[in-house]
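Values in this text are rule-based calculations from the coordinates and carry no lab data. The model shown is predicted, which means the values in this text are computed figures rather than measured ones. Every residue, glycine among them, receives a Cβ derived from its backbone with ideal geometry; neighbour counts consider all protein chains shown.
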């Protein structure tokens, strides 16, 4: 039985250090900084299998343009416990705590080409994306992120919105897909982009389903995916679209984009 709970003491928060090192292969965040964030509006949620910590999420108070939100900075799960909905449980617990503290939104980032994260953030949680950050964290050297520009999507999660509660994504058949993919020996390559005046109600963009595998097999193909999709995503966001869903397929996955003005992001009554 997995237990999900909020962590508020130094003794509890210290437990996430070894998990950070095992997941990302890097020095964990200083515990004094994390504890200070928790005492000032931040939230740490832990997932436990009996007494063993097997996952966590960490967020701190964010402020921009006169607006306060929870910046959800890290979410990590022990490799042997992945694909068990633990990430979704951690996020939902984080949202519940955030609402109690008075936050209306949560923001966080993820690599647009990591489809496991995309499916959780958009399709499961109901977040939206209309912000693209080029090389957001500079050169990263951890095992998951090393070797490419650290481009990110910024997720905006409207915690009490109608969108989060009841949004139904358009079908894949309704989407005009903007790029073509060729697949050789199980490795998808970006082959062509369709030049469009961006005025359709629904667009799709294909990405590799397993980007880590692409990186391992051919770094040149991986870099091309990063640069080509960067152009498409930025053009869509500039034209007023937001990413709202991801459809996984065999070797690829397809993002769904709709006009952000079509979304009901207001709080439900």
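Return the calculated 222 nm mean residue ellipticity for the chain, to the nearest 500 deg cm²/dmol, obtained by summing -39500 (n - 2.57) across DSSP H runs with n ≥ 4 and dividing by the residue count.
-7500 deg cm²/dmol
Helix 219-238 versus the longest principal axis of the chain: what angle, 0 to 90°, nearest 10, using Cα atoms?
For helix 219-238, the angle is close to 90 degrees.
Could you work out how far apart the two model spin labels at residue 123 and residue 52 are, taking each label as a point 7 Å from the Cα in the direction of the beta carbon, and quote it in nm?
The modelled label-to-label distance comes out at 2.9 nm.
Using a ≥ b ≥ c from the Cα gyration tensor of segment 1-158 (square roots of the eigenvalues), is it rounded, prolate or oblate, where a/c under 1.5 gives rounded and otherwise the larger of a/b and b/c decides, a/b for prolate?
Verdict is rounded for segment 1-158.
Work out, step by step, the length gained on full extension between residue 251 and residue 182: first 0.36 nm times the residue separation, then minus their alpha carbon distance; give nm to one decimal.
Using 0.36 nm per residue and subtracting the Cα-Cα distance, I get 23.8 nm.
Please give the FRET efficiency for residue 171 paired with residue 11, using the beta carbon to beta carbon distance and R0 = 45 Å, rounded to the nearest 0.05.
My answer for the efficiency is 0.35.
Of all DSSP beta bridges located in segment 121-269, what percent are antiparallel, nearest 5?
95
Any chance you could run the full-extension gain for residue 83 through residue 22? It's 0.36 nm times the residue separation minus the Cα-Cα distance, nm to one decimal.
Taking residue 83 through residue 22 to full extension adds about 20.2 nm, to one decimal.
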